[in-house]
Amino acid sequence: MMPLIKTFEHLQIQLEAITSATNNFDSANRIGSGGFGKVYKGELAHSKGKTMVALKRLDRIYGQGDVEFWKEVVMLSLYKHENIVSLLGFCDDGKEKILVYEYVSKGSLDLYLEKDELTWARRLRICIGAAHGLAYLHSSVGTQQRVLHRDVKSSNILLDENWNARISDLGLSKFGPANQQFTFLVSHVVGTIGYCDPLYAETGLLTKESDVYSFGVVLYEVFCGRLCMGNGINKHLPLTGLVRQFYEQNKIDELVFSNLKDEINPKSLKAFTAIAYQCLNRDRETRPLMTQIVKELEKALEYQTHDLPQENYNTTYDKSTIFHFMRAGRERFSLEELLVADAQVLGKSVMGTTYKANLSGGAVVAAKRFKFIKEGIKMDFHAHMMLLGSMSHPNLLPYVACHYSEDEKYLITDFAVNGSMASHLHDGTPGLDWPTRLKIIQGVARGLNYLYKQFPGISLPHGHLKSSNVLLDNVFNPLLADYALEPILKKNFAKDYMKAYESPEFGQNDKRLTKKTDVWCLGILILEILTGKSPLDYLKDGKEDGKEDGKKDGKQDGKKDGKSIFTRLNPFTKKKDGKSTEQDIVTWVNSIGREEWTEKVFDKGMKWTKKNEIEMIDLMEIGLHCCESDVTRRWDMRKVSEKIQGLMETENEEDYLSDSSEW
């Protein structure tokens, strides 16, 4: 166990802190129990104050032990998702083994099945959230391993204060290879009576479809307002038996929870019960994928909230006008509603056109209309988009919804009110002082590092990094846009265009892409933010690519009088065969001694204090390490991120230096 403890030692919490938080495990703080042991709540003290947490204390009499404890630590550390409960830490002190989670205030779904608080629309949103979480586990998210939960049930779906679903209790889960359509694992049968897949119980062969069966049981619990065993109408009969009987007799509406009968839309009922029944198919090969379940549940929610015309339900998927939403709490709309919305062009690129759309309900979104998307891959498109939309990080622009049809492919994101980093550096938009630029580059590095952890199997976890794809929210936090889109693009298109500032190895080795291509782009971004000069002319075929994202917020990004800012301001630009070479900006910075960077290199419009120059020089050197032409010597993303996060803005009372007569 020592290697595991060392790997996760940063998550270790002292027993004294836990006993203090729970008042020595006082029964008044006990909020539940399960197969692992008793669960307590408490306020855990830390450097920034106190946080309410849930603490699960291992009790070996329940049959679980060290293996399940460490599996939960590993699983929840590797797999982070807004619909999976977050592990905050653990305690491994002698006989005490305790897991510390975020506190999910409303408890588990099973407590609310018979409550009026769960309207039909709310029940649907909870099911959609839980389905997203399971789809994430089954997908492998760029790794070679998918996760099979093995104990999906309503008591393992927790609800936060906003009724968002969180999958919990991964202690019984199993890894399986993700590169096979059907993954069979021979496993000692575990799970809960009533939810367990009959084929798994009979044969011991575990598949992702076993989780799908269990989730189907949960869906019908939500529909019927009762647990699968032990209560409700005909309580002595298992719920699945009743469901089969009533569904096959075309009387499934008679099983709906009595409090929902007056509010449930008939088309929503039909869509929900159909996909839920497919989950219960005896033949595992006919059970749907979790991504398909998400799509159908979203359709049920659309019918409930918008009462879409009946003909839409029976049309082919390619003719659908429905958006598939990946975020809770966002305004729902159809393709027709988007197309008639008040809109303006934000930018055009080789990937498509991005619009700002003011929807009739008041929401403002950004809509990217794709081109060059693979043909005939609608399930791949939606599976990948739902994964991206489910990720949550403060430095990633949230992917809200997507649409794929024969004629139209859209990605909907939140709208960033402060535009792009490029517009503030090059476009006459109010400039950025040093503290803000440091904040931006540190956020960019955190976002990239998160993507690299989430997508170890993708060659370019971002793939389109440049200053016009670094957007800024209302307090100038950076939000990475156009990230992780490589898997949905045509192969040749990805190689030709999924890059911003072309790295040397790309041009030298038959357009070879590596993870360090993103690192090169980050280095150019660092040089850009410190010099204030746009490297647009350093793109291959710059005349064409210079049009990329040429407009942001109705303005021209990085261009004045048809020329790149860098070309206009930088007398050191070099030409090769009449064209700019990308390494010129790197060569130019390297050609000037660091003692002269303050006077000759740093952006004259940037405000900083004399003491800040140490951090600015350090950041410039990090950028040059990212722009090392020898890939073997170029730093990797983890090291770059650590170095950037280590920079601290120097606080002092000196006046800022900016645009002074000294220049």
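The values are calculated or read from the model by the stated rules, or taken from the named source; none is laboratory data. Since we're looking at a predicted model, the values are computed, not measured. We place every Cβ from the backbone using ideal geometry, glycine too, and count neighbours over all the protein chains shown.
Points worth noting:
- Screening L55 with (1) among the aliphatic types (A, V, I, L, M); (2) buried (at least 24 other Cβ atoms within 10 Å of the Cβ); (3) under 29 Å from R226 (Cβ atoms) gives one miss only, at (3).
- Every condition in (1) farther than 13 Å from L124 by Cβ; (2) assigned to a helix (DSSP H, G or I); (3) at pLDDT 60 or above holds for R327 except the one numbered (2).
- Failed item, numbered, when Y303 is tested on (1) part of a helix (DSSP H, G or I); (2) among the hydroxyl-bearing types (S, T, Y); (3) out of contact with any Ser or Thr (no Cβ under 8 Å at 6 or more places or on another chain); (4) modelled with pLDDT of 85 or more: (3)
- Taking the range 606-620 as the range and being in contact (Cβ under 8 Å) with a residue 40 or more places away in the chain and under 17 Å from I526 (Cβ atoms) as the test, the residues that pass are M606, W608, N612, E615, M616, L619, M620.
- K97 vs. criteria modelled with pLDDT of 85 or more, surrounded by 23 or more Cβ atoms within 10 Å (Cβ to Cβ) and in contact with an Asp or Glu (Cβ under 8 Å, 6 or more places away or on another chain): yes
- When residues of the range 139-160 are limited to those that are of a type outside the set (A, V, I, L, M) and modelled with pLDDT of 85 or more, the one farthest from E68 (Cα to Cα): D160
- Residue pairs whose Cβ atoms lie under 6 Å apart, separated by 6 or more positions or on different chains, with the first residue in the range 75-86 and in contact (Cβ under 8 Å) with a residue 60 or more places away in the chain and the second in a loop (DSSP other than H, G, I, E, B), are M75/L170; M75/S173; E82/S392; V85/S168.
- Among the residues of the range 3-38, those identified as surrounded by 12 or more Cβ atoms within 10 Å (Cβ to Cβ), at pLDDT 75 or above, part of a loop (DSSP other than H, G, I, E, B) and not hydroxyl-bearing (S, T, Y) are I13, N23, F25.
- Criterion applied to G447, G463, G507 was being modelled with pLDDT under 90 and part of a helix (DSSP H, G or I), and the one residue passing it is G507.
- Taken together, the residues in the range 347-370 that are aliphatic (A, V, I, L, M) and either touching a residue at least 40 places away in the same chain (Cβ under 8 Å) or at positive phi (or both) amount to 6.
- The range 379-432, subset hydroxyl-bearing (S, T, Y) and outside any loop (DSSP other than H, G, I, E, B), residue modelled with the highest pLDDT: T413
- Where helices (runs of 4 or more DSSP H) fall entirely within the range 565-624, those with at least 2 residues that are within 22 Å of I644 (Cβ to Cβ) and either modelled with pLDDT under 85 or not hydrophobic (A, V, I, L, M, F, W, C) (or both) are at 584-590.
- When residues of the range 269-297 are limited to those that are at pLDDT below 90 and part of a helix (DSSP H, G or I), the one surrounded by the most Cβ atoms within 10 Å (Cβ to Cβ): R284
- Verdict on I252 being over 25 Å from S390 (Cα atoms) and either modelled with pLDDT of 95 or more or not aromatic (F, W, Y) (or both): yes
- Residues of the range 83-103 that are part of a loop (DSSP other than H, G, I, E, B) and under 20 Å from the mean Cα position of the chain (by Cα): N83, V85, S86.
- Filtered by the rule that a residue be within 20 Å of Y79 (Cα to Cα) and crowded, with 17+ Cβ neighbours inside 10 Å, the range 100-125 gives V100, Y101, Y103, V104.
- Matching residues in the range 354-367 - criterion: being in contact with a Lys or Arg (Cβ under 9 Å, 6 or more places away or on another chain) and either under 16 Å from Y404 (Cβ atoms) or modelled with pLDDT of 90 or more (or both): T354, Y355, V364, V365, A366, A367
- Residue that is surrounded by the most Cβ atoms within 10 Å (Cβ to Cβ), among those in the range 240-268 that are among the hydroxyl-bearing types (S, T, Y) and touching a Gly at 6+ places or on another chain (Cβ under 8 Å): T240
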